[in-house]
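Read the structure below first, then the notes.
The values are calculated or read from the model by the stated rules, or taken from the named source; none is laboratory data. All values derive from a computational prediction rather than experimental measurement. Cβ placement follows ideal geometry from the backbone for every residue including glycine, while neighbour counts extend to all protein chains displayed.
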There are 2 protein chains.
Amino acid sequence: MKASILIIGDEVLAGATQDTNSGFIALELRKWGVDIDRILTVSDEVSTIKQALEFCFQTSELVISTGGIGPTKDDKTKSAISQFFRTELVFDSGTYSHLKELFRQRNRLELLEMNRGQAMVFSDAQVLLNRYGTAPGQVISKNGRTAVVLPGVPYEVKPLIKENLPTILKRYGLNTQFYTRTVSVVGIPESKLAQILEDWELRLPANTTLSYLPVGNRIKLRLTAKGPVAMELEKQLEYHISMLQTLIGPNIIGKHKDKIEDILKDVILEKSLSLSVAESCTGGLLSGLITSVSGSSSYFKGGVVAYEAAQKSRILNVQEHTIATCTTVSPEVASQMAEGCRHLFNSSVSIATTGVAGPLSDSYNNPIGLAYIAVSTSQGTSVEKVHLSHLDREDFMRFISQRALQFLIQVLQK
Amino acid sequence: MKASILIIGDEVLAGATQDTNSGFIALELRKWGVDIDRILTVSDEVSTIKQALEFCFQTSELVISTGGIGPTKDDKTKSAISQFFRTELVFDSGTYSHLKELFRQRNRLELLEMNRGQAMVFSDAQVLLNRYGTAPGQVISKNGRTAVVLPGVPYEVKPLIKENLPTILKRYGLNTQFYTRTVSVVGIPESKLAQILEDWELRLPANTTLSYLPVGNRIKLRLTAKGPVAMELEKQLEYHISMLQTLIGPNIIGKHKDKIEDILKDVILEKSLSLSVAESCTGGLLSGLITSVSGSSSYFKGGVVAYEAAQKSRILNVQEHTIATCTTVSPEVASQMAEGCRHLFNSSVSIATTGVAGPLSDSYNNPIGLAYIAVSTSQGTSVEKVHLSHLDREDFMRFISQRALQFLIQVLQK
């Protein structure tokens, strides 16, 4: 079974808004064994949307669209869909009652006429009530083609998909399961890794696909097996990964989780550690990455963003003469930040970052893109130097955050 | 002139990797007045890529692709393009020398045979040397159709686009300029806003488009004017925005910048303030948002992520009996966090967040999605309550970070 995802919105096309709906929907569809064929973003224009539907239905039985059904004038999706499916828009009293109730809850007593239009649905549609916004979702099916029409706001899309996808997919009687494992490898360049794994890769069975996904200088090997029985797929991948272990064992930092912050959680919980963070160049993103994991409050004590140099001394107890002689971007300051942080939060492990995110150099004329990462444990302090002059500010902050957690895991696994 | 962006990669289709290349390329193309027609993501298969090119070239003269040209086995893009354009792949000695130099710089003395394939280019292509990776970019043109073939790694794509786009676009003799302004509105629901602005919107000239982009509970009104002379477009939009000011002036928190963190920078610099942050439920993301802005080091002193309850007292001086009687998620604790933070960092303004990100409730059984944001200034402390039970953990953290900066701006503008 193949599906396409259609993102409707000029703001995404123009690069002004980052689409996150397609990734979420794709992940949910994959759980049901649905192959994603195309993700297409087009403008909010009737003829364009009709062409897009035609293109997607060439290869897909199911198209899920998001966006273009709000109450404002820039929304043409409903007209396009009704023309494409040759169906009428009719007033739905159930949707209207739901809208009234929603407005009542939000204390907007005056139900605006404009929102009345949101109770207009396709005459033969199944309506998916939207508890978090005014535009309902709709499912419309004709001649083996099914469209699921959703609003564009991600927090409305997520519950609509989670609650309704099982029912929507029932008609396809899916019996293929997908099982995915991600193995994280560090310390081998991609082409070298591919060479080492060549024979192993050639022996993977036909139902198994392999992707190389570089993230920072970690390479994620994503193995996906498909077949009728999930438990067999699980065993099968476990076997292939055990073979991988014999080939590149010391370079593997994670064999289950995909995200570095989730891999860290497993390592920290296994060793019963607690963690604190002192950040300069990552500006809070490193803490943000750690705390994005549910359950992180059981091991993450907290962090300091010591952005101004003086705060590194005042709060983290970095020696002023170390800053004066080595500058804030130095292995010495990174180490003292990590050590000061470990004491401040009384954690068993701590990690610190200091660097020059750019686009301007710092007051010491350190080169843009230079950073030091320090990890402090009861065994001592380790420092890693990174220099990435080609990243812009935000990418640099994200990359160093990823790299910091990767370094932390490597230190903890030694 | 219309262009499409083609993202090639199973990992994006499967939702495993978030595509950020398309947004970046779209923004760069828009600067040159190029309309983006379609953004299409497809699988790494020869026939699929050929269909995708055919679809994009139906309406676009230019297609920029990313991904699918790495050294590993999952890459089929080059074959597809060579078939589509009926061209050969030939060995390019210039690219090969560049590769050798790149490997020398990285101290990988052994130039792997696998990477030799990356010096295979289309016989009639213009090669774009890639300083940050092994796969070069290429430009190929035939019968009025131009394809720009780029690698998939974002930090390789960005410089390749920035350095080469002007030359690539020269052939189109573009004389249409685009000028965009974003006005940020708070405190009016979208449908109500649309009603208030209806007459104003109807009077916008034909060369001007308007989009409503809700972000959290801020609505961004994006106005784009196109025409031959940028300065005239600027004047024109300035006029329309001055009309907007008379209609909804008190609800406008920014008239130039798009991102809330950039709007904040303008407000803070105008008032010569300094800022610090105390975070609980946003876990570092709020600091990360503030520091993502270049130049933020001139006003951002730093932050504390006081994740564990005890750290709120130890570092931020929140009274233990306040925590005991009101719980950590309370207006009282938010206020004391902000006040303690302002003293710790000696900043003129501070902001604090505390809440329950979920998916589990906290130890006080506060409801998931409840949060308090406090802003402390020399004039006193203001608190805002937010309750969003329908967001997942990461969305909640991001939403509260956005909302916190929005609240801070509102307080500072009063």
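Name the single residue that is nearest to A:LEU388 (Cα to Cα) among those in region B:154-181 being β-branched (Val, Ile, Thr) and in a helix (DSSP H, G or I). So the residue we want is B:VAL157. If you scan region A:45-84, which residues turn out to be surrounded by fewer than 20 Cβ atoms within 10 Å (Cβ to Cβ) and among the aromatic types (Phe, Trp, Tyr)? Passing the criteria: only A:PHE57. Condition test on A:ILE263, is it at pLDDT 95 or above and within 14 Å of chain B (Cβ to nearest Cβ)? Spelling it out, it is not the case that A:ILE263 is at pLDDT 95 or above and within 14 Å of chain B (Cβ to nearest Cβ).
Identify all residues within region B:13-24 that are facing chain A (nearest Cβ under 7 Å) and crowded, with 24+ Cβ neighbours inside 10 Å; write none if there are none. B:LEU13 - this is the single residue of region B:13-24 that is facing chain A (nearest Cβ under 7 Å) and crowded, with 24+ Cβ neighbours inside 10 Å. Only a single criterion out of (1) surrounded by fewer than 24 Cβ atoms within 10 Å (Cβ to Cβ); (2) in contact with a helix residue (DSSP H, G or I) (Cβ under 6 Å, 6 or more places away or on another chain); (3) over 17 Å from B:LEU128 (Cα atoms) is not satisfied by B:LEU27, namely (2). One residue is enough: does region A:335-353 have a residue meeting the conditions surrounded by 18 or more Cβ atoms within 10 Å (Cβ to Cβ), at pLDDT 95 or above, more than 13 Å from chain B (Cβ to nearest Cβ) and over 32 Å from the mean Cα position of the chain (by Cα)? Yes; the residues of region A:335-353 include at least one that is surrounded by 18 or more Cβ atoms within 10 Å (Cβ to Cβ), at pLDDT 95 or above, more than 13 Å from chain B (Cβ to nearest Cβ) and over 32 Å from the mean Cα position of the chain (by Cα).
Filtering region A:3-55 down to residues that are modelled with pLDDT of 95 or more and among the basic types (Lys, Arg), which residue is farthest from A:VAL139 (Cα to Cα)? Looking at residues that are modelled with pLDDT of 95 or more and among the basic types (Lys, Arg), I get A:ARG38. Screening the candidates A:VAL42, A:VAL34, A:VAL90 for the property of being at the interface with chain B (Cβ under 8 Å from one of its Cβ atoms) and either surrounded by 17 or more Cβ atoms within 10 Å (Cβ to Cβ) or farther than 26 Å from B:SER211 by Cα (or both) yields one hit, A:VAL42. Going by what's in this entry, would B:ALA374 be described as touching a Leu at 6+ places or on another chain (Cβ under 6 Å), in a strand (DSSP E or B) and surrounded by 24 or more Cβ atoms within 10 Å (Cβ to Cβ)? Criteria not met by B:ALA374. Only one of the listed residues (A:THR182, A:THR176) is within 13 Å of another protein chain (Cβ to nearest Cβ) and of a type in the set (Val, Ile, Thr). That residue is A:THR182. Just one of (1) on the phi < 0 side of the Ramachandran plot; (2) at pLDDT 85 or above trips up B:ARG106, so point out which. Just one mismatch for B:ARG106, condition (2). The strands (runs of 3 or more DSSP E) located wholly in region B:1-107 that include 2 or more residues which are under 24 Å from A:GLU198 (Cβ atoms) occupy B:89-91. Condition (residue is more than 28 Å from A:LYS235 (Cα to Cα), hydroxyl-bearing (Ser, Thr, Tyr) and at pLDDT 90 or above) applied to region A:151-163: is it met by at least one residue? So far as region A:151-163 goes, no, none of its residues is more than 28 Å from A:LYS235 (Cα to Cα), hydroxyl-bearing (Ser, Thr, Tyr) and at pLDDT 90 or above. Is it the case that A:LYS158 is out of contact with any strand residue (DSSP E or B) (no Cβ under 6 Å at 6 or more places or on another chain) and in the same structural domain as A:LEU128 (by TED's automatic domain parsing)? So A:LYS158 passes the test. Considered as a group, the residues in region A:152-167 that are within 15 Å of A:ARG30 (Cβ to Cβ) and more than 11 Å from chain B (Cβ to nearest Cβ) include one that is farthest from the chain's Cα centre (by Cα), and that residue is A:PRO166. Exactly one residue out of A:LEU289, A:LEU360 is more than 26 Å from B:THR282 (Cβ to Cβ) and either at the interface with another protein chain (Cβ under 8 Å from one of its Cβ atoms) or surrounded by 20 or more Cβ atoms within 10 Å (Cβ to Cβ) (or both): that is A:LEU360. The sole residue among A:GLU238, A:GLU270, A:GLU279, A:GLU234 that is within 25 Å of A:PRO331 (Cβ to Cβ) and charged (D, E, K, R) is A:GLU279.
Of A:ILE241, A:ILE323, all but one fail to be part of a helix (DSSP H, G or I) and under 26 Å from A:ILE188 (Cβ atoms); the exception is A:ILE241. The residues in region B:192-219 that are small (Gly, Ala, Ser), closer than 17 Å to B:GLY254 by Cβ and at the interface with chain A (Cβ under 7 Å from one of its Cβ atoms) can be counted, and the count is 1. For region B:365-380, the set of residues classified as under 12 Å from B:THR353 (Cβ atoms) and touching a Lys or Arg at 6+ places or on another chain (Cβ under 7 Å) consists of B:TYR372, B:ILE373, listed by residue number. The condition of being farther than 26 Å from A:ILE69 by Cα and touching a Leu at 6+ places or on another chain (Cβ under 7 Å) holds for only one of B:LEU237, B:LEU221, B:LEU233, that being B:LEU237. From the list B:GLU190, B:GLU232, the one residue that fits, being surrounded by 19 or more Cβ atoms within 10 Å (Cβ to Cβ) and either at pLDDT below 90 or not assigned by TED's automatic domain parsing to the domain that holds B:ARG145 (or both), is B:GLU190. On inspection, B:ILE323 fails the criterion of being crowded, with 24+ Cβ neighbours inside 10 Å and either within 19 Å of B:THR381 (Cβ to Cβ) or within 33 Å of the chain's Cα centre (by Cα) (or both). Only one of the numbered conditions (1) part of a loop (DSSP other than H, G, I, E, B); (2) buried (at least 18 other Cβ atoms within 10 Å of the Cβ); (3) modelled with pLDDT under 95; (4) hydrophobic (A, V, I, L, M, F, W, C) is not met by A:PHE399, and that is (1).
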